[in-house]
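Reading through the structure tokens given below for one structure.
The values are calculated or read from the model by the stated rules, or taken from the named source; none is laboratory data. Computed from a prediction, not measured in an experiment: that's the story for all the values here. Here the Cβ positions follow ideal geometry from the backbone for every residue, glycine too, while neighbour counts run over all protein chains shown. What goes into the accessible areas is simple: the full protein's heavy atoms, side chains included, and nothing from ligands, DNA or RNA. Shrake-Rupley method; radii C 1.70, N 1.55, O 1.52, S 1.80 Å.
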Amino acid sequence: MPDTLKTSHDYDVYITATFAPEDEALKTTRAEMESGKLPKINVSASEGKLLHMIALMHGAKRILEIGTLGGYSGTWLARALPEGGKLVSLELDPHHAEVAQANLDRAGLTDKVEIRVGPASETLSKMIADGEPLFDLVFIDADKDGYVDYLGKAFGLTREGGLILGDNTLPDSIFSETETSGTKRYNEAVATHPHLISTLIPVLRSQGIDGLTISIKRGR
Ligand SMILES: C[S@@+](CC[C@H](N)C(=O)[O-])C[C@H]1O[C@@H](n2cnc3c(N)ncnc32)[C@H](O)[C@@H]1O
């Protein structure tokens, strides 16, 4: 195939086949999401593997996910947890949470994952008020307009040296001087935050590229 015809999808097919082939549990999770009529807005297998490796490299024992959907990214993340580790995943839609719980149970992750249903902003406030133990890693992947609010709350729930990841952070608005968007504001917030060191990793999608913004929490 001439170079000019290669697309980001072609590259992602190679990366996925080589480094992130799905096992039966992940394939079934996607199939159950489809039959449950959940939107196809989960991370790709290659990004799931990236999340899995970041959690492993960081030695994460407690992970917070904001935006469960059908438990696809949750499966990649929870599989990186050691014995006794915990993924707390926040989801607004009870149907999504139900599909996710069944998928995570089928994947043998019942003991490692807890889904909390409700608006993430309220759940996060309650977690702070209740003195929730701190997390090693936070993955933000819910409604984009909520990202800056979730960042503010997640920051207080993240341990010193912990990671905060934001998904879908290369929106078209980055090319505009006048337009903004939730994830553009999120990038600006983490890039200028005095106690976060951040960068953005481009992520291949079937159509074009997207971004995963990575931040590490440094001393107050
Ligand atoms: C992009 S999907 C998450 C995909 C998932 N992380 C994955 O890759 O498998 C976003 C999810 O966030 C949920 N969501 C939207 N608004 C929310 C809110 N205010 N609080 C909590 N969850 C919300 C949606 O219902 C949806 O399931």
*Scan region 134-146 for residues that are more than 14 Å from the ligand (Cβ to nearest atom) and either of a type in the set (Asp, Glu) or modelled with pLDDT under 95 (or both) and jot them down.*
Asp136
_Filter result for Glu160 (acidic (Asp, Glu), within 25 Å of Asp23 (Cα to Cα) and in contact (Cβ under 8 Å) with a residue 24 or more places away in the chain)_ = no
_Among the residues that make up region 69-92, is at least one of them in contact (Cβ under 8 Å) with a residue 12 or more places away in the chain, within 11 Å of the ligand (Cβ to nearest atom) and open to solvent by 30 Å² or more (accessible area, probe 1.4 Å)?_
yes
*Some residue of region 57-65 being near the ligand (Cβ under 8 Å from one of its atoms) and in contact with a helix residue (DSSP H, G or I) (Cβ under 8 Å, 6 or more places away or on another chain)*: yes
*Where Gln207 falls short, out of the listed (1) touching a residue at least 60 places away in the same chain (Cβ under 8 Å); (2) among the polar types (S, T, N, Q); (3) touching a helix residue (DSSP H, G or I) at 6+ places or on another chain (Cβ under 6 Å)*: (3)
*May I ask you to verify whether Leu5 is free of Cβ contacts under 8 Å to residues at least 24 places away in the same chain and within 25 Å of Gln207 (Cα to Cα)?*
yes
*Scan region 111-133 and give yes if some residue there is part of a loop (DSSP other than H, G, I, E, B), within 28 Å of Glu22 (Cβ to Cβ) and within 15 Å of the ligand (Cβ to nearest atom), otherwise no.*
no
*Might you check whether a residue that is among the acidic types (Asp, Glu), outside any strand (DSSP E or B) and touching a Gly at 6+ places or on another chain (Cβ under 9 Å) occurs anywhere in region 181-191?*
no
*Just checking, which of Gly211, Gly182, Gly162 is open to solvent by less than 70 Å² (accessible area, probe 1.4 Å) and under 13 Å from the mean Cα position of the chain (by Cα)?*
Gly211
*Tally the residues that are of a type outside the set (Asp, Glu), part of a helix (DSSP H, G or I) and open to solvent by less than 10 Å² (accessible area, probe 1.4 Å), restricting the search to region 42-68.*
3
*asked:* From the list Glu83, Glu98, Glu47, Glu65, exactly one residue is under 28 Å from Ile128 (Cβ atoms), acidic (Asp, Glu) and within 16 Å of the chain's Cα centre (by Cα). Which is it?
replied: Glu65
*Scan region 72-110 for residues that are part of a loop (DSSP other than H, G, I, E, B) and acidic (Asp, Glu) and jot them down.*
Glu83, Asp93
*asked:* I'd like the full set of residues that are crowded, with 16+ Cβ neighbours inside 10 Å and in a loop (DSSP other than H, G, I, E, B), limited to region 12-30.
replied: Ala20, Glu22
*Which residues, taken from region 147-158, are out of contact with any Phe, Trp or Tyr (no Cβ under 7 Å at 6 or more places or on another chain), within 15 Å of the ligand (Cβ to nearest atom) and open to solvent by 10 Å² or more (accessible area, probe 1.4 Å)?*
Asp149, Tyr150, Gly152, Lys153
